[in-house]
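No lab work stands behind these numbers, since they all come straight from the coordinates. Remember, predicted model here, so these are calculated numbers, not experimental data. So basically every Cβ, Gly included, is an ideal-geometry build from the backbone, and we count neighbours across all protein chains shown.
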Ligand SMILES: *Cc1c(COP(=O)(O)O)cnc(C)c1O
């Protein structure tokens, strides 16, 4: 029996399907450094409209999009407040600090992955020569597989305005949050000054992220993008994949959430496994057992790849049958 490997490490592993490849192959192109790629321009206009912001800009990665956002909000020697395990603090190689000379003020997450606004308040630096002035408050949604409650987002937005802080969303998985909360993208993105969205996660495009914000903000971000080497030329085919993803792959995210839910429920019945929160909030299931390493290598030996932390992520290229087989493979480890 030679079955294909099931890859649950991340939703970044999806490959473009035939329909996406067709729009890529036929995309109109031009030199985007001259703002002359019509497909990139369409993607940017579409994203601005979708998020309710004035402008949007196409980036090769979410790391670069977040970096340009942080550098546009904060000057050298200023500070951003961020979650302790947030991607913009922990998983972007320290870019804001190294390239932007922006100081992070990390804060521990609450168990629901929100940042307690009282704690945030207590870390805002006042106007004192000892301090790096706090300019930016950054959230992530979804965060660790959880969508942040809408009420919290509204409170955090009001709090940021009251404190005069810019408010940025790392919305790498914005549409997982949109689907989980049954809201529109605008309902979330409208609460922030800027938002970064990955096209290459659950949306299934091969590459790309979008940054949205005001005209003035995107103008600044555009210069930072150029400086860090993100000026791109005839990238219409990549933008076409992104447009296709935004137009066709948002509604299907609910299938990923259902499959993650089914996976979590099935694993709850496997003796020896602990499932975080006893459930999946969006498209991620976090599990653990007494020997995580051995479980991961057992899975790899049986054609199932799972994330090191141990994370199982559902996505476009995972079927119901894949979920059944994943459960069988994992359960066999405990037999
Ligand atoms: C994937 C991801 C990013 C961006 O990552 P790239 O690989 O640089 O596109 C940013 N934030 C979060 C939360 C992510 O999961």
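Summary table
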| quantity | calculated |
| --- | --- |
| Likely footprinting exposure, 334, 167, 175, 46, fewest C-beta neighbours within 10 Å first | 334, 46, 167, 175 |
| Pairwise centroid distance, computed over Cα atoms, of region 150-192 with region 1-38, Å | 28 |
| Within the chain, percent of DSSP bridges classed antiparallel, to nearest 5 | 45 |
| Of 176, 141, 276, the one that fluctuates the most in a GNM where the chain has Cα springs shorter than 10 Å | 276 |
| Spin-label proximity, residue 131 to region 67-108 - amide N less than 14 Å from point 7 Å beyond Cα toward beta carbon | 78-81, 105 |
| C-alpha long axis of helix 62-73 to longest principal axis of the chain, angle in ° | 30 |
| Order of 168, 53, 130 - criterion: other Cβ atoms within 10 Å of each residue's Cβ, fewest first | 130, 53, 168 |
| For the chain, built as a Gaussian network whose Cα springs stay under 10 Å, the top-fluctuating residue of 75, 264, 138 | 75 |
| For the chain, calculated [θ]222 nm from helices alone, where every DSSP H run of n ≥ 4 adds -39500 (n - 2.57) | -12500 deg cm²/dmol |
| The chain: angle of helix 150-163 to the longest principal axis, Cα-based, in degrees nearest 10 | 20 |
| Spatial separation of Cα centroids for region 240-299 and region 50-121, in angstrom | 26 |
| Shape category assigned to region 78-229 from the gyration tensor of Cα positions, a/c cut at 1.5 | oblate |
| Cα point-scatterer Debye curve for the chain, base-10 log of I(q)/I(0) at q = 0.13, 0.16 Å⁻¹ | -0.99, -1.34 |
| Region 2-135: C-alpha gyration tensor shape, a/c 1.5 cut-off, then a/b vs b/c | oblate |
| Tilt relative to the chain, helix 38-51 - C-alpha long axis, 0 to 90 degrees, to 10 | 90 |
| Residue of 47, 142, 290 that the Gaussian network model of the chain assigns the largest fluctuation, springs spanning Cα pairs under 10 Å | 290 |
| Cα shape, region 44-103, gyration tensor, a/c 1.5 rule | prolate |
| Ranking of 271, 78, 54 by count of other Cβ atoms within 10 Å, fewest first | 271, 54, 78 |
